[in-house]
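Have a look at the structure below, then the notes.
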Amino acid sequence: MDFFQIIGDYITKAAQGFADSFYQNFIEDNRWKYLTSGLVNTLLITAGALVLGVVLGFLIALIRTTHDKTGKLGFLNWLAKLYLTVIRGTPVVVQLMIVYFVIFASVRINQVVVAIIAFGINSGAYVAEIFRSGIMSIDPGQMEAGRSLGLNYRQTMWKIIMPQAVKNVLPALGNEMITLLKETSVAGYIAIRDLTKGGDIIRNRTYSPFLPLLAVAAIYLVIVLILQALVGRMERRLAKSDRN
Amino acid sequence: MKLTKIVAGAAALVLALSLASCGGTSKKIESADDLVDAAIGAQGGTTGAIYIDDDIQDGLLGEATLQEFKSGMEAVTALKQGKIDAVVIDNEPAKVFVEQNDGLKILETPYIVEDYAIAKDNTELKDQFNQAIAELKEDGTLDQLLDYYINKNEEAQPYTSPEGIEYDGKLIMATNAQFPPYEYYENETIVGLDVDIARAICDKLGKELEISDMEFDSIITAIQTGKADFGAAGMTVTKDRLENVDFTDSYTTGVQVIIVKE
């Protein structure tokens, strides 16, 4: 009987402590708003950077494969290689600060725009290699077949190679999207209030690390799960035409 | 080749976008009252940032925005580049930043006055620290250090440990060494007023001082979770902080001032 009472007291106390901590970290002074407004910024940056990254990456991949297949575009290919080397060879947080403090020196600019540009340029390098591997994975016979049917290089690329390539790289692209979302957590370095920074601000006001950090982690996890589900759905739709 | 045109077009678009996002005028700030509607920078987790954030939420600063940087230096850089209108920061680091950067000045009216102390999470240790601080105040060591670091008196000396001292164990101090003259790097070691005071206290307690340099907003958490024994980083005593850690008696006062462009 005593034993159960002790356990019961302990659970009540723990629950009370949790409730107090929850109140202090999220309810008091509307602190949850730091998380929601931070989440909006995180999603904005991720979405913007994703679009910029895919456009950039697609162009770079086209330049690189066209050069490999036809030997044309020598200068652009050199430029693309330089871009890949520099961007993949330096940490994204350093690139972010260079864009903010060096490239946009002396300019009053919305930091979210800066982050979209920095993360977009960064992501573009990885997306480029993903697309390139997709294009290279298509059997050369496909190109030869297209050309012998009277399609020119560009038509074959667009109508035969690309649709197959994109389908092949979709899992890798989804992975890059998830990585990008989590990488934006360093946006706080240029004073953006993103999700991570929102949690940091709450920690700075309440000095309890437990709940804010766990809440931030849980929100990222939920977003990633949603993204995974979306990619999975897209993969299944594109797989409809597969032979089983 | 059409691809060249696409690439050139994309480059032009990026350029146009970046140019379009330029502009925006900075606000002239002559006193604390002018902070209304301004873009204000501060170091994340400092009382400067907390007070500004509270004042914004209480509607005292109109449409003002707060941008929390990782260090005071980055906030000052953003101010110099015209990205923000003012930086709220402690007086002594503010002086160093203004000295090292042309075209900046400190407003004569402070934002707020406050007490600095050492944060701890151990009542027994706190009493020992308080006693040591009282002794340092009495024998003039504290005044000498303030003279050296704050008043820049050339005759004053920084603290040196007595020769032949033997230590029994060590105490870990959490700090953020980007806050001159309280703590900063010189010749690859961390020095400053807080470091000297901490070393003097530890010498009195017969403990070796070990310094752990971390982000400012991690210091209190590091003490709470036992990763450090105490924190000394030009830290102000506040009600919220007192709920989570103990503070020693105050060893000096600080002033939150406003830095603006000249």
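The values are calculated or read from the model by the stated rules, or taken from the named source; none is laboratory data. What you see is a predicted model; the values in this text were computed from it and never measured. Don't worry about glycine lacking a Cβ; one is built from the backbone with ideal geometry, like all the others, and counts go over all protein chains shown.
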Residue pairs qualifying under the 8 Å Cβ cut-off, at least six apart or on distinct chains, with the first in segment B:189-201 being on the phi < 0 side of the Ramachandran plot and without any contact (Cβ under 8 Å) to a residue 24 or more places away in the chain and the second being among the aliphatic types (A, V, I, L, M) and surrounded by fewer than 24 Cβ atoms within 10 Å (Cβ to Cβ), are B:190/B:177; B:190/B:211
Of the residues in segment A:63-113, those that are away from every other protein chain (no Cβ under 11 Å), surrounded by 18 or more Cβ atoms within 10 Å (Cβ to Cβ) and in a loop (DSSP other than H, G, I, E, B) come to none
Taking segment A:1-33 and keeping only residues that are within 14 Å of chain B (Cβ to nearest Cβ) and farther than 15 Å from residue B:240 by Cβ, one is left with A:17, A:30, A:32, A:33
So, first residue outside any helix (DSSP H, G or I) in segment A:121-145, second residue of a type in the set (S, T, N, Q), Cβ within less than 8 Å, six or more apart or across chains; the pairs are A:138/A:164; A:138/A:168
Within segment A:196-211, residues farther than 22 Å from residue A:180 by Cα and part of a helix (DSSP H, G or I) come out as A:201, A:202, A:203, A:204, A:205, A:206, A:210, A:211
Exactly one of B:63, B:74 is under 25 Å from residue B:215 (Cα atoms), out of contact with any helix residue (DSSP H, G or I) (no Cβ under 7 Å at 6 or more places or on another chain) and not assigned by TED's automatic domain parsing to the domain that holds residue B:171, and that one is B:74
Within segment B:194-225, residues within 15 Å of residue A:208 (Cβ to Cβ) and of a type outside the set (A, V, I, L, M) come out as B:217, B:218, B:221, B:224, B:225
Counting only residues that are away from every other protein chain (no Cβ under 14 Å), surrounded by 23 or more Cβ atoms within 10 Å (Cβ to Cβ) and assigned to a strand (DSSP E or B), segment B:180-231 contains a total of 2
Counted residues in segment A:201-226 being modelled with pLDDT of 90 or more and in contact with a Gly (Cβ under 8 Å, 6 or more places away or on another chain) come to 4
Screening B:177, B:156 for residues that are small (Gly, Ala, Ser) and surrounded by fewer than 19 Cβ atoms within 10 Å (Cβ to Cβ) leaves only B:156
Screening B:52, B:56, B:29 for residues that are more than 7 Å from chain A (Cβ to nearest Cβ), over 22 Å from residue B:101 (Cα atoms) and in contact (Cβ under 8 Å) with a residue 12 or more places away in the chain leaves only B:52
Next item on the list: Check whether at least one residue in segment B:109-124 is in contact with a helix residue (DSSP H, G or I) (Cβ under 8 Å, 6 or more places away or on another chain) and modelled with pLDDT of 90 or more, and report yes or no.
Entry: no
Within segment A:46-84, of all residues that are among the hydroxyl-bearing types (Ser, Thr, Tyr) and within 23 Å of residue A:170 (Cβ to Cβ), the one modelled with the highest pLDDT is A:46
The residue that is farthest from residue B:238 (Cα to Cα), considering only those in segment A:194-244 that are free of Cβ contacts under 8 Å to residues at least 12 places away in the same chain and surrounded by 15 or more Cβ atoms within 10 Å (Cβ to Cβ), is A:209
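One line per residue, one yes/no per condition, for (1) on the phi > 0 side of the Ramachandran plot; (2) modelled with pLDDT of 95 or more:
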site	(1), (2)
A:153	no, no
A:158	no, no
A:165	no, no
A:184	no, yes
A:191	yes, no
A:228	no, no
